[in-house]
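What follows is a single structure, written as structure tokens, with notes after it.
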Amino acid sequence: MPNLVNEMIVRGMSEGMTQAEGMVVVTFGGLDVAETEAIRGQVAEAGASMRMVRNRLARLALSEKGIDLGVDSLQGNVAIAWGDSEAAIGAAKVFASKDVKKAKKVAFRAGLLDGEVLDAAEAASLADVPDRDTLNAQILGVISGPARGLASVIQAVPSATARVLQARAD
């Protein structure tokens, strides 16, 4: 890399990806500036960082981190969004949202989650993962379900007895 700017870009991406637990790579061609900025804003709201750089520079930054997404992943116009696992899932949700799908200009190429390289279909399936609050509510429901059922069964016997006695009295 003879160019100082390229070195700075690779260093900046490498430093940004140091703490990244997840990453989503998408094709990003054909969008106008307004659409691109809208998507960038939504990805930033999800907590992820997003860059569009030359594929060669992206390969260098990823190889410095020991990540190999494959040859096909970084061809053409691509964007990489990275962050912690929740941010990567949030970025995937943005790229899979109805508005973005309707434009048909963004497609998943690859992904990375907790050190596992994901192909395009697996990266797209990150958008189907519920957020942390939903997962916590589901876990709470699974944990409290048996206790709630037991309480209902225990309460049913005296309740039924009381109703039988009231019916007899009436």
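The values are calculated or read from the model by the stated rules, or taken from the named source; none is laboratory data. Just so you know, these numbers come straight off a predicted model, no measurement behind them. Neighbour counts run over all protein chains shown; Cβ positions are idealised from the backbone, glycine included. Accessible surface areas use protein heavy atoms only, side chains included; no ligands, DNA or RNA. Shrake-Rupley method; radii C 1.70, N 1.55, O 1.52, S 1.80 Å.
Things worth noting here:
- Subset of the stretch 59-69 [over 20 Å from the mean Cα position of the chain (by Cα) and open to solvent by 50 Å² or more (accessible area, probe 1.4 Å)]: 59, 60, 63, 64, 65, 66
- Exactly one residue out of 125, 97, 144, 159 is out of contact with any Ser or Thr (no Cβ under 9 Å at 6 or more places or on another chain) and either open to solvent by 50 Å² or more (accessible area, probe 1.4 Å) or closer than 28 Å to residue 10 by Cα (or both), and it is 125.
- Subset of the stretch 14-58 that is β-branched (Val, Ile, Thr) and assigned to a strand (DSSP E or B) - its residue that is most open to solvent (accessible area, probe 1.4 Å): 27
- Residue that is modelled with the highest pLDDT, among those in the stretch 107-118 that are closer than 14 Å to residue 27 by Cβ and over 13 Å from the mean Cα position of the chain (by Cα): 109
- Residue match in the stretch 106-117 (condition: more than 20 Å from residue 16 (Cα to Cα), assigned to a helix (DSSP H, G or I) and either open to solvent by less than 60 Å² (accessible area, probe 1.4 Å) or of a type in the set (D, E, K, R) (or both)): no
- Taking (1) of a type outside the set (Lys, Arg); (2) at pLDDT below 80; (3) under 15 Å from residue 109 (Cβ atoms) in turn, residue 78 satisfies each apart from (2).
- Residue in the stretch 70-77 that is touching a Ser or Thr at 6+ places or on another chain (Cβ under 8 Å), in contact (Cβ under 8 Å) with a residue 24 or more places away in the chain, open to solvent by less than 80 Å² (accessible area, probe 1.4 Å) and not β-branched (Val, Ile, Thr) present: yes
- Candidates 93, 101, filtered to the one that is within 25 Å of residue 33 (Cβ to Cβ), without any contact (Cβ under 8 Å) to a residue 12 or more places away in the chain and basic (Lys, Arg): 101
- Subset of the stretch 2-47 (residues that are modelled with pLDDT under 85 and basic (Lys, Arg)): 11
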